[in-house]
Amino acid sequence: MSKRAQRITDTPGYMLHASAWRETSLVVQAFAREHGCLALVAKGAKRPYSVLRPVLSAFQPLSLSWTGGAEVKTLTRAEPAGVRPLGGGALMSAWYMNELLLRLLPREDAHPVLFDAYDAALAQLAAGSRAAGALRRFEWILLRETGYGLDEDDPDFEDPHIEPDLRRSLRDRLEVNLAGRPLSTRKVLMALQRY
């Protein structure tokens, strides 16, 4: 099968970000379990009657299908694969995770372990669990899966006594890998704290 004829059907994924493209379409940045981060054109998704419009929501598990071999593929179908109701601080935590994935992962580099960690973190956030534990676990696995992790056993991510030092250590490692470019979610959080 040529790269041009590549067709992927019903793979687990999430929409990380979407931006307008032309009059009626979107470019969707997605994270798929077996395919990593990729860009998909959702043709006609901005039309009021589009079947994609109500389905393409951030932080909601999806079953994605696409075709194409170029850098930007064509989304052919998206189906809901569950519901994760997020609100308040959980939403900011989820946006933070999305930004990390978009900034740190290369295109089309599969990370099934990281995908499962992202999925588990969203489930914890939706269940109202403490965000700090979910985020520290996700950051730890992200660094380990991308080759920048610590060579030691996993800490107790739910221990509030070690959380401040663990957060500082993980953020320092993340910032080194972001090449000094601050995260947008951090700026937003800092601005919100002023109110």
Quiz prompt | The listed residue being at negative phi, open to solvent by 60 Å² or more (accessible area, probe 1.4 Å) and among the basic types (Lys, Arg), out of Arg22, Arg77 | solution = Arg77
Quiz item: If a residue has to be closer than 26 Å to Pro85 by Cβ and either of a type outside the set (D, E, K, R) or under 19 Å from the mean Cα position of the chain (by Cα) (or both) to count, how many in segment 39-52 make the cut?
Solution: 8
Quiz item: Got a number for residues in segment 117-139 being of a type in the set (Ser, Thr, Tyr) and within 13 Å of the chain's Cα centre (by Cα)?
Solution: 1
Quiz item: Out of the residues in segment 133-159 that are among the small types (Gly, Ala, Ser) and over 12 Å from Met97 (Cα atoms), which is modelled with the lowest pLDDT?
Solution: Gly149
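The values are calculated or read from the model by the stated rules, or taken from the named source; none is laboratory data. Fair warning: this is a prediction, and the values are worked out from it, not measured in the lab. Glycine gets a Cβ as well: all are built from the backbone with ideal geometry, and neighbour counts include every protein chain shown. With ligands, DNA and RNA removed, areas are computed over all heavy atoms of the protein, side chains included. Shrake-Rupley method; radii C 1.70, N 1.55, O 1.52, S 1.80 Å.
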